[in-house]
Amino acid sequence: MTRFYELPDTLRGLICAWVIIVFILGIWNAMRAVQMKKKLHISISVAILFTVYLTLQVIADIAHRQEGGRNAQISIFPGNICVIWWLLFIGMITAISISLASFFGKWKEDHITQMSVKDSIDRLQAGLCYWEDGGRIILSNQYMDELCFLLTGEILLNGENFYRTIDSECMSLPDGSIKLFLHTLVDFNDKKIHELIAADVTELYKKNEILEQKTKDLQKMNENLKRYNQSMEEIVRKQEILDAKIYIHDEMNRLMLLTTAATETLLSEEEFRRALTLWRNNAILLGSNAERNKESLDTSEIDKLAKLLGINLSFVGEFPKNISSETRELFVAALREAIANAVKHADAKNVTVEMIRENHYLTVVISNDGIMPEGNINLGGGLSNIQRMLETRKGKFRIEYKEQFSMILTIPV
């Protein structure tokens, strides 16, 4: 059987290259074992590395002897061993080295190491840097290193010097991006260290600008809508005044025709009462729709109107004294309209005004003992004006006619 030193130089060189590869793998295993801090794996790795080193020495000594040199005693016995045993020995060492390397690779995937932490930090889409007082860097990721070079043109070596170059929390960089920098002090090994975080807020900043522009556009649109609403209210008010004037004109024409006919013919008592009723209703109509330019009104004229029309007007509760002239004018207008409607449509004799003060609101309930209406009530003329005036003052208006007809106003005071 062929002994190892009898092999041709070519085959022995291939075996030497194989052993060198195993030696390099052994160095990597030894470094991983030291990093893991496992004594058993360190011992195995060092033993394999030492064994492979001796094997390389033997192969080198045999090659030296083949060239006519003087060989060492250590290579005499291994050189006389059969080649098969050499191959088995190197194969066993290779298998052990590959098993160790596989174990270390799996361990790295399942455990957190310093290198895995650094690798993870470098993958962050944000800058991260820690340093001690004086500027000595403890940890920084690749993102922050690139930012430092972009801002200063230098490598990140001193945290304090780099932080001084930051003018504000939000900076626009030469590449057009916008970065947000946050600096805090954190606890680390019983001392305080500096933490600097840099985040890319370019898209957020652009969206914020778009949002601000849209807000301004909406504000302009809102102002236009307010002006349009005011113009619409004015148009509706003028239309209602026009409708009221047309109605009054028609009623006066009908009354004049009836009065003219009464002067030419003899009327019965029922027809005479009907004519007087028309005169009274038109007088009330003219009084309730007349425009008033007084800045402040009181209830004295309401009392006079009620007595003139034969209405017994009673109040429950006190009307607030310290209120605006607009609120008082609204109350008087609503009361005047309620009395006029009670006479015209319900033939009422008594009108009760109940006032309830709750927090910042005054609830006014105006009721009469007249004839209950049939069907739904269409708000028009004076009632629609009262409703609109209340809504512009953030008040409420509603009508109830269960036991008696009531007009309920909720007025902010």
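The values are calculated or read from the model by the stated rules, or taken from the named source; none is laboratory data. If you're wondering where the values come from, they're calculated on a predicted model, not measured in any experiment. Ideal geometry is used to build each Cβ from the backbone, glycine not excepted, and the neighbour counts take in all protein chains shown.
What to note about this one:
- Candidates 366, 408, 371: the one that is surrounded by 18 or more Cβ atoms within 10 Å (Cβ to Cβ), aliphatic (A, V, I, L, M) and either modelled with pLDDT of 80 or more or more than 20 Å from residue 236 (Cβ to Cβ) (or both) is 366.
- Any hit, region 242-253, residues being within 29 Å of residue 379 (Cβ to Cβ), outside the structural domain of residue 382 (by TED's automatic domain parsing) and at pLDDT 70 or above: yes
- Enumeration of residues in region 328-384 that are under 19 Å from residue 300 (Cβ atoms) and either among the acidic types (Asp, Glu) or not assigned by TED's automatic domain parsing to the domain that holds residue 405 (or both): 329, 337
- The one condition from (1) modelled with pLDDT under 90; (2) within 44 Å of the chain's Cα centre (by Cα) that residue 69 does not meet is (2).
- Residue, modelled with the lowest pLDDT, within region 190-236, restricted to residues that are of a type in the set (A, V, I, L, M) and over 30 Å from residue 139 (Cβ atoms): 236
- Among the candidates 307, 321, the residue that is at pLDDT 80 or above, assigned by TED's automatic domain parsing to the domain that holds residue 409, charged (D, E, K, R) and out of contact with any Lys or Arg (no Cβ under 6 Å at 6 or more places or on another chain) is uniquely 307.
- At least 2 residues being touching a residue at least 24 places away in the same chain (Cβ under 8 Å) is the threshold, and among the strands (runs of 3 or more DSSP E) wholly inside region 162-225 those reaching it are 178-187, 192-200.
- Flag if residue 391 is over 27 Å from residue 230 (Cβ atoms), surrounded by fewer than 18 Cβ atoms within 10 Å (Cβ to Cβ) and not hydrophobic (A, V, I, L, M, F, W, C): no
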